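Have a look at the structure below, then the notes.
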Amino acid sequence: MTLKAILFDFNGIIINDEPLHERLIEQLLIEENLRAKPDEFREYCLGRTDRGCLRDLLSSRGRVVTDEYLERLIHRKTQAYCQQMEAIEELPIYAGVQEFVLKIHAAELKMAVVSGAVRSEIELILNRVNIAEYFSVIVAGDEITNSKPDPEGYLLAVERLNQKYPELNLHPSECLAIEDTFPGIKAAQQAKIAVVGVAHTYPFHMLQRVANWSVDCFSDLELERIQQSYELEVA
C-alpha cells in the first residue's frame, strides 16, 4: 500500500485559534442572553462545525432555533473571526506546519483540508501564510450536512481528490488524516482513514489510545517514517 494523500484538520492543527473561537461563541451566547458554562465549548464545539456546535449548545439550554436563525449566528461569528484575524500581523500558525506542507509537496503527495470551519475562514488563513496553493481540495463545515465525528467530510475529500485527479484512483486506506480532537479522529477512522493525533488540544497519552499514531507537535512528524508504515500496510 502507498500513501497518496494527507488530509489536514484546520483549527487546532494548522492554526492555534480555538481560544478565539471560544471567545466568539461566548459572545454569541451573551447576545442570546445566555452565559457560557465551564467546559461547554470543549464538550459541544471542539472538532465540530459551527452549525453543529451552536445547535447543540442552544438546544442544551432549551432553545430551539431554525436553520435560518443558525445561519445568521454563524455569519456573525464568521465576520468577527475574519475581522480579528485580518488585524493580527503574525498569525498563530503552529510551528512546523509550513515546513511539513513543503515536505509533502516535495514528495508529490496530494493535500486537502477537512474541517468544521467555514470556507472563508480557511481560505483567509491559508492565503495569509502562503500555503493555499498546496491544498488541492478544501472540505469546509458550511459544505457538509453532518459534523465530525460523522465521516462525511473525509469521504467527500477523497471523492473530490478523485474528481480532480482521476488517475490517482485514491482509496481512503491510501490517505492519512492529521487531527487534534476525538470527534476528528473518529470521523477519519470511520472513513477508513488512518490518523495521526497531534497533542495540541488534548494530552499525548489520551490521543495515543485512539489514534493510529500520536505526536506532541508537528516537528515530531516524520513523513518518511509514515510512508514506510504505509508500505508495510497500515494497521
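Every read-out reported here was derived from the displayed coordinates using simple, explicitly stated rules and does not represent laboratory data. Every value quoted in this text rests on a predicted model; they were computed, and no experiment measured them. Reconstructed Cβ throughout: ideal geometry from the backbone, glycine too, with neighbour counts over all protein chains shown.
When the pairs LYS103/LYS148; LYS103/LYS186; LYS4/LYS103 are compared against a 20 Å limit on Cα-Cα distance, LYS103/LYS148; LYS103/LYS186 fall above it. Peptides 118-130, 136-148, 173-185, 77-89, ordered by how many other C-beta atoms sit within 10 Å of their residues on average, highest first, read 173-185, 136-148, 118-130, 77-89.
Helix 97-106 and the longest principal axis of the C-alpha atoms of the chain enclose an angle of approximately 40°. Under a no-solvent Debye model with one identical scatterer per Cα of the range 139-235, what's log10 I(q)/I(0) at q = 0.16, 0.25 Å⁻¹? Once normalised to I(0) and log-transformed, intensities are -0.70, -1.32.
Shape call for the range 84-161 from the C-alpha gyration tensor, a ≥ b ≥ c root eigenvalues: rounded (a/c under 1.5), prolate (a/b greater than b/c) or oblate? Can you show the working numbers first?
Numbers: a/c = 2.23, a/b = 1.20, b/c = 1.85.
Oblate.
For ASP150, the amide hydrogen comes within under 5 Å of no other amide hydrogen, counting only partners 5 or more places away or on other chains and with H modelled in the peptide plane. Most tightly packed first, judged by the mean number of other beta-carbon atoms within 10 Å of their residues, the peptides 92-102, 13-23 read 13-23, 92-102. Scanning residues 5 or more positions from ILE138 or on other chains, those with amide H under 5 Å from its amide H are VAL113, with H placed 1.01 Å from N in the peptide plane. Over the chain, Cα pairs under 8 Å with separation of 6+ residues give a relative contact order of 26 percent. Taken over the alpha carbons of the chain as equal point scatterers, the Debye sum produces base-10 log I(q)/I(0) values at 0.08, 0.11, 0.14, 0.16 Å⁻¹ of -0.28, -0.54, -0.87, -1.13. Rounded to the nearest 10 degrees, the angle from helix 18-31 to the longest Cα principal axis of the chain is 20 degrees.
Once the Cα atoms are used to define both axes, helix 67-87 deviates from the longest principal axis of the chain by about 70 degrees.
DSSP assigns beta bridges within the chain; of those with both partners inside it, close to 5 percent run antiparallel. Counting only the Cα atoms, the range 1-86 fills a convex hull of 134 Å³ per residue.
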